[in-house]
1. Of A:136, A:120, A:153, which residue is surrounded by 15 or more Cβ atoms within 10 Å (Cβ to Cβ), away from chain B (no Cβ under 12 Å) and not in a loop (DSSP other than H, G, I, E, B)?
2. Within segment A:182-197, track down each residue that is within 18 Å of residue A:38 (Cβ to Cβ), not aliphatic (A, V, I, L, M) and not in a loop (DSSP other than H, G, I, E, B).
3. Taking the condition of being within 9 Å of another protein chain (Cβ to nearest Cβ) and either part of a loop (DSSP other than H, G, I, E, B) or surrounded by fewer than 23 Cβ atoms within 10 Å (Cβ to Cβ) (or both), how many residues in segment A:85-101 meet it?
4. Considering only segment A:144-176, state which residues are under 21 Å from the mean Cα position of the chain (by Cα) and free of Cβ contacts under 8 Å to residues at least 60 places away in the same chain.
5. Name the residues in segment B:160-181 that are more than 14 Å from every other protein chain (Cβ to nearest Cβ) and assigned to a loop (DSSP other than H, G, I, E, B), would you?
6. Output yes when any residue across segment B:226-233 is touching a Phe, Trp or Tyr at 6+ places or on another chain (Cβ under 6 Å), away from every other protein chain (no Cβ under 14 Å), farther than 19 Å from residue B:111 by Cα and in a helix (DSSP H, G or I), and no when none is.
7. Given the options B:210, B:251, name the one that is within 26 Å of the chain's Cα centre (by Cα) and more than 30 Å from residue A:164 (Cα to Cα).
8. Hey, can you tell me all the residues within segment A:48-71 that are within 14 Å of residue A:165 (Cβ to Cβ), out of contact with any Lys or Arg (no Cβ under 6 Å at 6 or more places or on another chain) and of a type outside the set (Gly, Ala, Ser)?
Amino acid sequence: MGSSTAIRVEGLSKTFDTAAVLHDLSLDVRAGELLALLGPSGSGKTTLLRIIAGLDFPDRGRIIFGADDATRVPVQERAVGFVFQHYALFKHMSVAENIAYGLNARKRADRPAKAEIKRRVGDLLDLIKLSGFADRYPSQLSGGQRQRIALARALAVEPRVLLLDEPFGALDAQVRKDLRRWLREIHDRTGQTTIFVTHDQDEALELSDRVAVLSKGRLEQIGTPDEVQENPVSSTVLKFLGDTIEVEAIAQGSEVRVNGRLTPVKAPPGLVGPVKLYARPWQLQFAEPGQAHLEGHVRSSYRSQGRQRIEVDRPEGKTVVVEASDTHRLAAGRPVGLTINAGYVFKD
Amino acid sequence: MSSALATRPPARAGSVVTEGLAVRALLIGIAVVFLALFLVLPLVTVFIQAFAKGWSAYLAAFTEADARSAIRLTLLTAAIAVPFNLVFGIMASWAVAKFEFRGKNLLVTLIDLPFSVSPVVSGLIYVLVFGAQGLLGPWLLAHDIQIIFAVPGIVLATIFVTFPFVARQLIPLMQEQGTAEEEAALTLGASGWHAFRTVTLPNIRWGLLYSVLLCNARAMGEFGAVSVVSGHIRGLTNTLPLHVEILYNEYNFVASFAVASLLAGLALVTLLVKSLLEWRFSAEIAAGARGH
């Protein structure tokens with residue numbers, strides 16, 4: 001992958017009314033990469049995308065495209081392709097007219113000839129595998145087809161960067177999965193620098209080259225899906241990337257103890273005293289009560305997709321979900337112990 | 001569910017909200033009789049009276065010079081007031097529907113004002129502002145500009161009264177459509193004007209046509225406000241509705257009803273086209289209709 005910077009976001013701040021949505025946010029987008037902006041609702045991810053597009057303007061900070069400061073460049077001149085969550089297709093235009101819109105909107109001198117536009121529309125329809133649909137209208141298409149048309153329309157103007165705002169958010173689960181794979185294929189084929197916004201961890205981790213995790217208007221972490229999963233920089237990132245079990249622990253040197261028992265988890269240098277240990281459901285193991293880090297009673301268990309998920313009530317009143325491949329079922333009410341095999345330690 | 005409930009035969013076939021035959025017949029009957037008495041009968045009377053002395057008398061009512069000048073003035077007034085309110089209505093609804101700003105609710109209330117004020121009061125306002133004894137009266141007099149008891153006053157009063165039609169129709173329609181399509185057009189490189197022409201306008205065209213139709217019907221039929229500012233100068237400042245009144249007051253019933261039949265005809269055509277639009281483009285108009 002090319003590592004030159006396509007877009008640089010520098011110290012971006014944005015306030016709506018009195019609520020700050022972006023705080024001094026900086027990040028680099030590499031040329032040709034597929035970057036996911038991942039965060040819960042209200043994390044500022046859509047605002048960031050809209051500012052990059054030129055649909056919103058920051059209070060402070062800069063947007064740099066290549067070598068040019070684009071912060072005050074109007075949206076029309078930024079050459080971005082934007083795909084909206086609800087497609088925003090032009091209802092009164094056919095599929096072909098929708099895709100050709102950006103080319104037809106150009107000034108006469110820059111506008112390709114009619115035949116050339118027709119050819120480009122045809123190529124794009126092939127790319128999105130909707131060749132026979134040129135004369136249909138958006139109302140005659142399914143949600144997934146509409147979103148593919150919206151993507152073709154954005155690609156038609158040969159944008160510098162493709163921006164997708166929750167592109168699969170309005171689609172049902174199966175279509176969403178198909179479209180994800182399909183978007184990855186398109187990206188691999190076109191090499192188009194692409195940023196997409198999502199609140200779905202799976203989507204971000206499956207699709208992207210890198211993930212930027214946003215929380216409360218700040219960038220928590222940016223890295224490959226492996227990096228953010230293996231080395232989350234904060235409990236926020238960790239919690240947002242999947243289910244976690246949170247346990248009180250004591251750090252001493254690099255050793256971490258839970259209920260006085262040593263765990264295999266190492267504390268980062270400088271972290272001492274009471275800390276929080278976070279483990280994924282599959283990082284716990286059942287053990288005999290009295291010899292484990294945690295104890296509790298089985299509340300219930302269920303099986304899903306080849307895994308057993310067991311809910312355990314802990315004495316303090318918290319319920320944790322443990323994942324195991326064990327095929328034997330644990331009866332409800334049975335006392336169990338839980339051993340921590342791995343995890344992450346943070347101050348909070 | 002208890003079996004007692006399930007085995008009991010239904011009291012009536014059909015939906016639970018359906019009334020018995022007698023009640024239905026009564027309600028429908030009342031509605032039909034009421035409509036016949038208060039709408040159809042007067043309308044038929046207009047045409048019967050108009051043709052009471054035959055075709056030639058009917059046509060004579062329009063060939064007369066005063067009648068022709070009233071028709072001309074009415075057409076002129078509508079030709080100015082309707083396009084003005086069309087442009088204003090689009091601008092106002094664009095501003096209200098697509099932007100957030102302070103005082104937005106106040107603006108919406110102000111747009112509605114002509115609907116809630118009596119037309120006579122609307123006319124009086126113009127007399128108080130532009131009349132000889134009015135606020136700007138001396139200045140206008142000094143510059144030899146006549147507004148009240150002249151055509152400009154009639155146009156102004158008509159504009160005021162028909163002010164809300166287009167905006168009221170378009171604001172909810174545009175609000176429902178949101179700004180995503182316009183934003184899409186802008187990201188694709190379209191200028192604001194190009195996006196407006198190719199995206200916004202086509203999206204509101206049927207709602208717009210519908211509202212222009214209603215606006216026009218009102219502009220041509222307005223009586224109260226125009227009556228106050230017109231001065232009733234025959235051949236000069238009489239619109240069709242005023243002409244009807246004058247003829248009626250002179251006991252010239254045939255001519256009066258003949259001219260009235262013209263307005264009634266306009267109303268019927270408006271109703272027909274309105275129904276056609278509603279039937280054909282109900283979804284695009286509904287958003288606006290709900291706002292009334």
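1. A:120
2. Matches in segment A:182-197: A:184, A:187, A:194, A:196.
3. Selection size over segment A:85-101: 9.
4. Correct list: A:144, A:148, A:168, A:171, A:172, A:173, A:174, A:175, A:176.
5. B:163
6. yes
7. Just one listed residue meets the conditions, B:210.
8. A:48, A:49, A:50, A:51, A:52, A:55 - these are the residues of segment A:48-71 that are within 14 Å of residue A:165 (Cβ to Cβ), out of contact with any Lys or Arg (no Cβ under 6 Å at 6 or more places or on another chain) and of a type outside the set (Gly, Ala, Ser).
The values are calculated or read from the model by the stated rules, or taken from the named source; none is laboratory data. As the structure is a prediction and not an experimental result, all values here were calculated from the model. All Cβ positions, even for glycine, are placed from backbone atoms using ideal geometry, and neighbour counts span all protein chains on display.
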